[in-house]
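K.L.:
Right, I'll just put the structure down here and ask away after.
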Amino acid sequence: MKAIRLHARGGPESLRFEDAPTPRPGAGEVLVRVRAAAVTPTELLWVPTWTTRDGGPRPLPVIPGHEFSGEAAALGEGVTAVGVGEAVYGMNDWFGDGAQAEYCLARLADVARKPASVDHAHAAVTPISALTAWQGLFERARLAAGQRVLIHGAAGGVGGFAVQLARRRGARVTATAGAGNLDFVRGLGADEVIDYRAERFEERVRGVDAVFDTVGGDTLRRSWGVLKPGGRLVTIAASEEGSPDERTRAAFFIVAPRRAELEEVARLIDSGEVRPVVGAEFPLADALLAYRLKPARGKVVLRAADPA
């Protein structure tokens, strides 16, 4: 098969489009014929991309990109919940090869039936972003109806889902974004939007129950002051994973794949309650261009093959 692989630790310049062995599914695994795989540039900075679960170096080369949409091509022993040829979407094990290839492996527990109402590109940008927003808002920040939440980077892949899910939960949403995306973020459901380049959010926001941060750095540090006593901050900014600040390290998390949540998100998409946003699409061979692009909104997708 063709795949994007990394033979050395580094950034997008280390990506290679080349031949790679087609994997075979083991017990409890699904071999997926990948139709689209999303791009998360910060994944190249994450610990699991380069280390094993026990902390040692991962063998090279590695295939990045751990969310996908496609069809089940073969099933490992014990897999009965999906059938060969069925459209699925989901995530791969962070410590294993990803989905930027013509085929990938995924645990049955990490895939679900693809949302029927969207194409493979829109399905592929959903698993990491939607589950990150879900777990960050509802499990870590424990956001409830009637509470107030500040969401940074609201036009991005994760931020866009966070706005929609928080609003659906019944929270009051304040969101930061660039001037060109303010109307877009309002359309996702934000009650109040702030142009982060034109004004400082802490001059307008006080006493929120939760902050959902996708930006990190100075934005995160200034966010502690807008929380009410007992308020909770969650960050997914890769720059904060190894922060020397204890409370920032505690606020950081990486999403976990969960089949039940993927099924619920698919239901919400098909009912029209939330919508994924694709920022741009590239063929698999153009991964370098895809990784270097910073879309104004949504997430970038690599197409591994024409949709069936």
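The values are calculated or read from the model by the stated rules, or taken from the named source; none is laboratory data. All figures in this text were calculated on a predicted structure; none of them were measured in a lab. Cβ: placed from backbone, ideal geometry, glycine included. Neighbour counts: every protein chain shown. Quick note on the areas: whole protein, heavy atoms, side chains included, nothing else; ligands and nucleic acids left out. Shrake-Rupley method; radii C 1.70, N 1.55, O 1.52, S 1.80 Å.
K.L.:
Enumerate by residue number the trypsin sites (Lys or Arg not before Pro) in segment 161-192 meeting two conditions: DSSP loop (anything except H, G, I, E, B), and at most 15 other Cβ atoms within 10 Å of the site's Cβ. Don't skip to the answer; put the middle values down first.
P.N.:
Values: sites: Arg167, Arg168, Arg169, Arg172, Arg186; in loops: none.
Taking segment 161-192 and a limit of 15 other Cβ atoms within 10 Å, no loop trypsin sites (Lys or Arg not before Pro) are found.
K.L.:
Once you charge only the Cβ atoms, +1 for Lys and Arg and -1 for Asp and Glu, what is the size of the charge dipole of segment 1-142 about its Cα centre, to the nearest 20 debye?
P.N.:
Dipole size: approximately 180 debye.
K.L.:
Once you compute Rg and the Kirkwood Rh from C-alpha atoms, what is the Rg to Rh ratio for segment 125-220? The partial results should precede the final answer.
P.N.:
Numbers: Rg = 11.9 Å, Rh = 12.9 Å.
Ratio value, two decimals: 0.92.
K.L.:
Starting from the Cα-Cα distance between Arg221 and Ala116, subtract it from 0.36 nm times their residue separation and give me the gain in nm to one decimal. Walk me through the numbers before you get to the answer.
P.N.:
Values: separation 105, 0.36 × 105 = 37.80 nm, distance 4.07 nm.
Result: 33.7 nm gained on full extension.
K.L.:
Quote the FRET efficiency, to the nearest 0.05, computed for Val84 versus Thr52 with a Förster distance R0 of 22 Å and r equal to the Cβ-Cβ distance. Don't jump to the answer; show the numbers that get you there.
P.N.:
Numbers: r = 31 Å, r/R0 = 1.42.
With R0 = 22 Å, the Cβ-Cβ based efficiency is 0.10.
K.L.:
Let's test the formula: R0 of 35 Å, r as the Cβ-Cβ distance of Glu246 and Arg9. What FRET efficiency results, to the nearest 0.05? Before the final figure, lay out each step's value.
P.N.:
Numbers: r = 27 Å, r/R0 = 0.78.
It comes out at approximately 0.80.
K.L.:
I need the peptides 2-8, 132-138, 199-205 ranked by packing, meaning the mean over residues of other C-beta atoms within 10 angstrom, with the highest value on top.
P.N.:
Values: 2-8: 19.6, 132-138: 22.6, 199-205: 13.6.
So the order, starting with the most tightly packed, is 132-138, 2-8, 199-205.
K.L.:
Would you kindly derive the ³J(HN,Hα) couplings of segment 16-24 from the backbone phi angles with the Karplus curve 6.51 cos²θ - 1.76 cosθ + 1.60 (θ = phi - 60°), listing them in order in whole Hz, with x for Gly and Pro?
P.N.:
10, 9, 7, 6, 8, x, 6, x, 10
K.L.:
Stretched out fully, how many nm does the piece from Glu18 to Ala260 gain, at 0.36 nm a residue minus the Cα gap? Write down the numbers at each step before the final one.
P.N.:
Details: separation 242, 0.36 × 242 = 87.12 nm, distance 3.45 nm.
Extra length available between Glu18 and Ala260 comes to 83.7 nm.
K.L.:
Oh, and also: Using helices alone, what [θ] at 222 nm do you get for the chain, with -39,500 (n - 2.57) per DSSP H run of 4 or more residues, divided over all residues and rounded to the nearest 500?
P.N.:
On the way: 9 runs with 68 residues, N = 308.
Roughly -6000 deg cm²/dmol at 222 nm, from the helical runs in the chain.
K.L.:
While we're here: Suppose R0 equals 25 Å. What FRET efficiency, 1/(1 + (r/R0)^6) with r the Cβ-Cβ distance, do Ala144 and Arg267 give to the nearest 0.05? Spell out each step's value before the answer.
P.N.:
Details: r = 21 Å, r/R0 = 0.84.
According to the calculation, E is roughly 0.75.
K.L.:
Please identify which residues in segment 47-71 have an amide N closer than 20 Å to a label point set 7 Å out from the Cα of Met1, following the Cα→Cβ vector.
P.N.:
Residues 49-50, 59-71 qualify, since their backbone N sits under 20 Å from the label point.
K.L.:
Using a 1.4 Å probe and ignoring any ligands, DNA or RNA, find the accessible area of Val39 and quote it in Å² to the nearest 10.
P.N.:
It works out to around 0 Å².
K.L.:
Same structure again: Can you give the local net charge around Gly216? Use residues other than it whose beta-carbon is closer than 10 angstrom to its beta-carbon, Lys and Arg +1, Asp and Glu -1.
P.N.:
Numbers: positive: Arg221; negative: Asp213, Asp218, Glu240, Glu241.
Its environment carries a net charge of -3.
K.L.:
Also, I was wondering about something else. Enumerate the lysines that Lys114 could reach by cross-link, defined here as Cα to Cα under 27 Å, with residues fewer than 8 away along the same chain left out.
P.N.:
Lys2, Lys294, Lys299
K.L.:
At a 1.4 Å probe radius, carbon and sulfur cover how many percent of the accessible area of segment 62-158?
P.N.:
On the way: 1440 of 2770 Å².
Of the solvent-accessible surface of segment 62-158, carbon and sulfur hold 52 percent.
K.L.:
Now for a separate question. Among rounded, prolate and oblate, which fits segment 1-58 when a ≥ b ≥ c are the square roots of the eigenvalues of its C-alpha gyration tensor, a/c under 1.5 means rounded, and a/b larger than b/c means prolate? Display every interim value, and only then the final one.
P.N.:
Working: a/c = 1.74, a/b = 1.21, b/c = 1.43.
It is oblate, given that a/c is not under 1.5 and a/b is not larger than b/c.
K.L.:
Determine the sum of side-chain charges near Leu302: Lys and Arg each +1, Asp and Glu each -1, restricted to other residues whose C-beta is under 9 angstrom from that of Leu302. Working shown, then result.
P.N.:
Details: positive: Arg303; negative: Glu281, Asp286.
Summing Lys and Arg as +1 and Asp and Glu as -1 gives -1.
K.L.:
Still on this structure, I have one more. Go through Leu182, Thr40, Thr52 and say which Cα lies farthest out towards the positive end of the charge dipole of the chain; charges sit on Cβ, +1 for Lys and Arg, -1 for Asp and Glu.
P.N.:
Leu182
K.L.:
Here's a follow-up. Counting heavy atoms of the protein chains only and a 1.4 Å probe, report the per residue accessible area for segment 131-271 as a whole number of Å². Before the final figure, lay out each step's value.
P.N.:
Numbers: 5780 Å² over 141 residues.
That works out to 41 Å² for each residue.
K.L.:
Tell me which aspartates and glutamates have Cα within less than 13 Å of Lys228's Cα, excluding those fewer than 8 residues away on the same chain?
P.N.:
Glu202, Asp209
K.L.:
So which trypsin sites (Lys or Arg not before Pro) in segment 50-133 are both in a DSSP loop and have at most 11 other Cβ atoms within 10 Å of their Cβ?
P.N.:
Listed in order of number, the matching sites are Arg53.
K.L.:
Right, next: Scale the Cα Rg of the chain by the rule-of-thumb value 2.2 N^0.38 Å and send over the ratio, two decimals. Write down the numbers at each step before the final one.
P.N.:
On the way: Rg = 18.9 Å, N = 308, 2.2 N^0.38 = 19.4 Å.
In units of the 2.2 N^0.38 Å rule of thumb, it is 0.97.
K.L.:
List every residue whose amide H lies under 5 Å from the amide H of Ala73, counting only residues 5 or more places away in sequence or on a different chain, with H placed 1.01 Å from N in the peptide plane.
P.N.:
Distant-sequence amide H within range of Ala73: Leu31, Val32, Arg33, Gly85.
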